[in-house]
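K.L.:
Structure below; questions to follow.
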Amino acid sequence: PFSLEKNAEDYEKNCEKSIEYKEVAGKIYRLLASEDITVQKIISLGVGKGALEWHLKKMMPKCIVECTDYTVKSIEQLKKIFRDVDAAYSFDILKGDYTRLDTNAVFIMHRISTEFCLQEWYSIFENMYNAEVFNIIFVPAELARACDMMREKVGHIKNIIRGRKDMQCGWMYSESEFLKMFKGRGGNTLYTIKNKVYHNGTAIFLLERN
């Protein structure tokens, strides 16, 4: 859950203080530059507070930055306080029509991996591929380790024994599972990893359409 500031001054002050987002934005900027990708537009999906996008706009002021989120109310507030955003609108990542977006843009999905199950992620990447989205920056919420997965399984078994329901706080995936998502369900690979860098327990993947 997140709450947006009521005015632009507080919003900008809090974005400036968000060192984690600034570091990720810097790594994304350098990752794109290292591959000589000319970025004229960024479309970020599921932006939440938009702090990452705020830092990217500061680093690339000539780049068009568009922010999307599922909730109309939060998007309307974001437009009021994120003064430099070029566009902000509601978009459904799972069911939205990607052909209506500028597929020549670099798409960013930052820390939303826990929001969808594996089959939904397969559908999302298939939809983006079919719409001819070429470049994607994908940053998982985390890269689950084997011990994390085992702890989840043990907790699930304990809940079964105790007659309790599991608390669903989101889906957890390992790096190998993300590679399966990028590849897709069919025989042909949808997206390949052009480059990646690791950051604080996760990775920043630069994906390219096959």
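The values are calculated or read from the model by the stated rules, or taken from the named source; none is laboratory data. The structure presented is a predicted model; accordingly, all values stated were derived computationally and were not measured. Neighbour counts run over all protein chains shown; Cβ positions are idealised from the backbone, glycine included. What goes into the accessible areas is simple: the full protein's heavy atoms, side chains included, and nothing from ligands, DNA or RNA. Shrake-Rupley method; radii C 1.70, N 1.55, O 1.52, S 1.80 Å.
K.L.:
Which residues, counting only those in the range 69-84, are open to solvent by 80 Å² or more (accessible area, probe 1.4 Å) and free of Cβ contacts under 8 Å to residues at least 40 places away in the same chain?
P.N.:
Scanning the range 69-84 gives Tyr70, Val72, Lys73, Glu76, Lys79.
K.L.:
For the range 196-207, which residues satisfy the criterion of being open to solvent by less than 50 Å² (accessible area, probe 1.4 Å) and either touching a Gly at 6+ places or on another chain (Cβ under 8 Å) or within 19 Å of Met128 (Cβ to Cβ) (or both)?
P.N.:
The answer is Ala203, Ile204, Phe205, Leu206, Leu207.
K.L.:
For the range 1-32, name all the residues that are assigned to a loop (DSSP other than H, G, I, E, B) and of a type outside the set (Lys, Arg).
P.N.:
If the condition is that a residue be assigned to a loop (DSSP other than H, G, I, E, B) and of a type outside the set (Lys, Arg), then Pro1, Phe2, Ser3, Leu4, Glu5, Asn7, Ser18 are the ones that fit.
K.L.:
Scan the range 15-32 residue by residue and report those that are more than 12 Å from Val197 (Cβ to Cβ) and exposed (fewer than 15 other Cβ atoms within 10 Å of the Cβ).
P.N.:
Glu16, Lys17, Ile19, Glu20
K.L.:
Pull out all pairs, ordered by first then second residue, where Cβ-Cβ is under 9 Å, the residues are six or more apart or on different chains, the first lies in the range 173-202 and is without any contact (Cβ under 8 Å) to a residue 60 or more places away in the chain, and the second is among the small types (Gly, Ala, Ser) and open to solvent by 20 Å² or more (accessible area, probe 1.4 Å).
P.N.:
Pairs found: Ser174/Ala146.
Yes or no, residue by residue, for (1) assigned to a strand (DSSP E or B); (2) among the β-branched types (Val, Ile, Thr):
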residue	(1), (2)
Lys73	no, no
Gln77	no, no
Arg83	no, no
Tyr89	yes, no
Gly96	no, no
Thr99	no, yes
Thr103	no, yes
Phe107	yes, no
Thr114	no, yes
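K.L.:
Let me ask another. In the range 116-127, what residues are farther than 27 Å from Gln77 by Cα and assigned to a helix (DSSP H, G or I)?
P.N.:
Hits for the range 116-127 are Leu118, Gln119, Glu120, Trp121, Tyr122, Ser123, Phe125, Glu126, Asn127.
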